[in-house]
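The values are calculated or read from the model by the stated rules, or taken from the named source; none is laboratory data. None of the values given here were measured: they were computed from a predicted structure. Cβ placement follows ideal geometry from the backbone for every residue including glycine, while neighbour counts extend to all protein chains displayed.
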Amino acid sequence: MAPDPNPRPNSFDDTQRGGTHIWTTLGYRREAWSHGSTTIAWDATADYGFPTATGTVIQGGLVTALLDAAMGGACWSVLDDTQAFLTADLRVEFLRSTRVGTVRATGTVVRRTRRVVFCEAQLFDDEGVLLAVSRCTQVVLPADGAAGRYAEPSADGAPPQDARG
């Protein structure tokens, strides 16, 4: 696949994010981004896990959120300014327990059609051990339509009316 001549890195720029956001709350960091791929790092602490006889295990929903963010970043990188996306399907396989420490998820676009983007992601620990894999289906929508990605929120901070489902 040829590189996109008009990539949108500023639309997914960590410095442009403000207010309430999962990336801010959990401390995600984008380490790499190219057309069709993104890598995100997260310092998983014991606060996000549960104790076991062999040490803290990070809760699976938080592992899933990181994989989803990596696939979302990859999907975002292949869209143009008139498009947004919503996740239609997400599957995760936990291959090993995720432990306290820095983990990295790399999301990649597997296939792009006019209306759908298929993505996959892999999660590794600092030693390069594969911990989890994921696949998702992203539905491409108009940016100013029901996805509501660019519309102003309501006065009470709620999503735009057309994005509430």
Looking only at region 77-105, count every residue that is among the aromatic types (Phe, Trp, Tyr) and farther than 28 Å from Thr45 by Cα and tell me the total. 1
How many residues are free of Cβ contacts under 8 Å to residues at least 40 places away in the same chain and touching a Phe, Trp or Tyr at 6+ places or on another chain (Cβ under 7 Å) when one looks only at region 48-72? 3
Please pick out the residue among Ala105, Ala132, Ala121 that is closer than 16 Å to Thr39 by Cβ, at pLDDT 95 or above, surrounded by 12 or more Cβ atoms within 10 Å (Cβ to Cβ) and in contact with a Ser or Thr (Cβ under 6 Å, 6 or more places away or on another chain). Ala121
Which one of the conditions (1) at pLDDT 95 or above; (2) touching a helix residue (DSSP H, G or I) at 6+ places or on another chain (Cβ under 8 Å); (3) polar (S, T, N, Q); (4) over 14 Å from Val133 (Cα atoms) does Ser77 fail to meet, given that it meets all the rest? (1)
Can you name the condition, by its number, that Leu62 falls short on among (1) modelled with pLDDT of 95 or more; (2) part of a loop (DSSP other than H, G, I, E, B)? (2)
Taking the condition of being surrounded by 17 or more Cβ atoms within 10 Å (Cβ to Cβ), polar (S, T, N, Q) and farther than 15 Å from Phe124 by Cα, how many residues in region 32-51 meet it? 1
Within the bounds of region 64-80, is there any residue that is out of contact with any Lys or Arg (no Cβ under 9 Å at 6 or more places or on another chain) and loosely packed, with under 15 Cβ neighbours inside 10 Å? no
Going by the conditions given, is Asp156 over 17 Å from the mean Cα position of the chain (by Cα), at pLDDT below 95 and of a type in the set (D, E, K, R)? yes
